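Remarks on the structure that follows.
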Amino acid sequence: MSNALKKVLVLNGPNLGRLGKRQPEIYGHTTLKELGAMCVGWGHELGFAVDVRQTNHEGDMVDWLNDAADKEIPVVLNAAAWTHYSYAIYDACAQLTAPLIEVHISEPLERPEVFRHTSVVTPHAAAVVAGKGIDGYREALEVIATKLDKV
Ligand code: DQA
């Protein structure tokens with residue numbers, strides 16, 4: 001299998017460590033730990049070794065993205081609130097060479113807060129998956145598999 005054991009990073013930004021407790025009417029009841037296990041399982045089916053991380057600290061996220069750029073690792077990124085205003089995340093995403101897929105559990109474009117209607121990630125993303133709940137992460141991994149198979 002061409003993608004056997006290829007590493008993929010699934011990176012989650014601020015407040016996503018509280019999945020399951022945080023506004024479940026918007027983000028659902030799945031915890032980050034459960035999401036991580038699902039991503040590892042979905043990745044395994046696609047031949048990926050998935051590494052799922054979450055941070056509330058922007059510098060950590062920039063370091064992870066810089067490392068992904070250096071090692072040409074595909075990234076599934078839910079940058080959470082940083083999506084909407086962080087030029088450090090914009091610049092880090094700009095350096096990625098392997099596919100970057102932007103994911104949101106909710107659909108920010110359909111939410112009432114106008115600040116959610118801007119994304120600094122989208123200009124650098126090969127695809128955006130939003131509003132599909134936790135299953136969006138699975139779709140994002142499938143998009144990466146499709147993109148890599150085309151190379
Ligand atoms: C989010 C949407 C963002 O607007 C919000 O700040 C988040 C989560 C989502 O997954 O739906 O923290 O990225």
Inset, instruction - Subtracting the Cα-Cα distance from 0.36 nm times the residue separation, let me have the gained length for residue 107 to residue 60 in nm, one decimal. - result: 14.4 nm
Inset, instruction - Grab the DSSP H runs of the chain that are 4 residues or longer, score each as -39,500 (n - 2.57), total them, divide by all residues and round the 222 nm result to the nearest 500 deg cm²/dmol. - result: -11500 deg cm²/dmol
Legend entry - Exceeding the 21 Å Cα-Cα cut-off - candidates 71/147; 33/71; 6/132: 33/71; 6/132
Inset, instruction - Taking only Cα atoms and a 10 Å spring cutoff, compute GNM fluctuations for the chain and point out the largest among 95, 54, 23. - result: 23
Inset, instruction - Subtracting the Cα-Cα distance from 0.36 nm times the residue separation, let me have the gained length for residue 81 to residue 135 in nm, one decimal. - result: 17.5 nm
Inset, instruction - Give the longest segment of the chain that steers clear of GluC sites (Glu not before Pro) in DSSP loops with at most 16 neighbouring Cβ atoms within 10 Å, not counting the sites themselves. - result: 1-71
Legend entry - Cα pair distances in the range 17-69, grouped into 10 Å bins until the bin that holds the longest one, percent each: 23, 37, 37, 3
Inset, instruction - Sort all Cα-Cα distances of the range 26-144 into consecutive 5 angstrom bins from zero, then give the percent of pairs in each bin up to the one containing the longest distance. - result: 2, 12, 22, 25, 22, 13, 3, 0
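Every number in this text was worked out from the coordinates using simple rules, so none of it is lab data. What you see is a predicted model; the values in this text were computed from it and never measured. Reconstructed Cβ throughout: ideal geometry from the backbone, glycine too, with neighbour counts over all protein chains shown.
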